[in-house]
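Bear in mind these aren't lab numbers, they're just calculated from the coordinates by the rules spelled out. Given the structure is predicted, the values throughout are model-derived calculations rather than measurements. Counting neighbours? That spans all protein chains shown, and the Cβs are built from the backbone with ideal geometry, glycine included.
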Ligand code: HEM
């Protein structure tokens, strides 16, 4: 009997919540979108893994157009966009900076780092971090990147006699690059793939991805009882302890340095601590954010470039020719030499178009605003779908075809740009 009463109360409660949201979000719910079933809403449309999710989204954009809605019937709906003009409204505005619940799942590792933090902290910390991405600092990393690339080439040579998966090698390489540049610390992942830090980063990401696509695991309370949560925490503790120790050691050596001429990112971080703008913990969060955001993305881009070059031999031949003409075997690589490789840039852009390593991002709307005459109320989630935009034939004719020529200066549509410095491919409407 008690069970029936509880179920009845739950149904009344859910209906009430549903009615409340329906009243507030009537415009959003009128947007095109998949069929909304009682109780489960549109939840079955998502898929339970990243590949199905991308395929389903692509199908839904084709069926319903570049703006559509999802709803689970109780909480605020999610608006999915793949149209350039909608992206510009969201990403081009300083109003829409608030991250959604999805990002909270990363707080165990990244604390309040800029990828996951609230809009106010983001504004302050982003300003502090921006100078780290200036050309002078980035140029200083080129010899390091070259040394690490030579190790990668050797590792690939050791495996080349039989077919093999290149991603794990590139993943170690990108982890080396990001740790040396963000922490100023050599972890030698390529030479020491069994190092626990390397394994923990990999395992954390696997568990995180599983969590993203599981309704039960995205619930913090339920997740805290699961073995996966305990395992994830163990890996996070280890990862964080490395960055913490590196920062501690760097701070103790800092007084020997000329602080006014920072040479790398860590020097700049230490200046920020010295000036009292961030605490050591906050700096660790930002260092961890760079490592998290910078290693898997780069590994994924480079792996997909190799995949596309393998499939498109003509492109490969032309690229090798460009490199051979501008950089001879034993010369060291410099920024000015890299700037003489425009075709390489086209290949990278085209590969990122087809295989964006971050296929979507989300923002939580904090103030009501209007798109195409539809009122989007505060608390609505907006999912900005780069993957959908990149395969939109209106912007990229024959979108599944790999064609670096799309990005030569003559062919690039007016107003197309990469959002700098994060290499996110979006189209700006002119
Ligand atoms: C080609 C490789 C990369 C791609 C495609 C990429 C893409 C992105 C995207 C789409 C975002 C926005 C995420 C969001 O708001 O939800 C982002 C944020 C970020 N990325 Fe990358 N990224 C790449 C490489 C890197 C590297 C190498 C670093 C570090 C050196 C890095 C550091 C960051 C940081 C710190 C943020 C947060 C920035 C902020 O919120 O202001 N990324 N990236």
**Q.** Part-to-part distance (alpha-carbon centres) for segment 197-249 and segment 343-400, which is given in Å
**A.** 28 Å
(Q) Could you work out the relative contact order of the chain? I mean the mean sequence separation of Cα pairs under 8 Å and 6+ apart, divided by the number of residues, in percent. (A) 20 percent
Q: Counting only C-alpha contacts under 8 Å and six or more residues apart, can you give the relative contact order of segment 100-304 as a whole percent?
A: 33 percent
Q: Post the alpha-carbon centroid distance, segment 130-170 to segment 275-338, in whole angstrom.
A: 7 Å
Q | Inter-centroid distance (Cα atoms) of segment 97-124 relative to segment 32-76, Å | A | 25 Å
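Assign one of three labels to segment 1-110, namely rounded, prolate or oblate, based on the Cα gyration tensor with a ≥ b ≥ c the square roots of its eigenvalues; rounded applies when a/c is under 1.5, prolate when it is not and a/b is larger than b/c, and oblate otherwise. Walk me through the numbers before you get to the answer.
Numbers: a/c = 1.71, a/b = 1.55, b/c = 1.10.
In terms of gyration-tensor shape, prolate.
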Q. Which angle between 0 and 90 degrees, to the nearest 10, do you get for helix 196-212 versus the longest principal axis of the chain when only C-alpha atoms count?
A. 30 degrees
Q.
Angle check, please: helix 265-274 long axis (alpha carbons) against the longest principal axis of the chain (alpha carbons), in degrees 0 to 90, nearest 10.
A. 70 degrees
Q: With everything on Cα atoms, drop me the angle between helix 167-182 and the longest principal axis of the chain, reported from 0 to 90° to the nearest 10.
A: 80 degrees
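Which peptide among 155-163, 131-139, 23-31 comes first, and what is the full order, when sorted by highest mean count of other Cβ atoms within 10 Å? Provide the component values of the computation, followed by the final result.
Numbers: 155-163: 10.3, 131-139: 13.6, 23-31: 16.4.
Result, highest mean Cβ count within 10 Å first: 23-31, 131-139, 155-163.
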Q: Estimate the FRET efficiency between residue 145 and residue 401 by the formula 1/(1 + (r/R0)^6), using the beta-carbon distance for r and 35 Å for R0, to the nearest 0.05.
A: 0.70
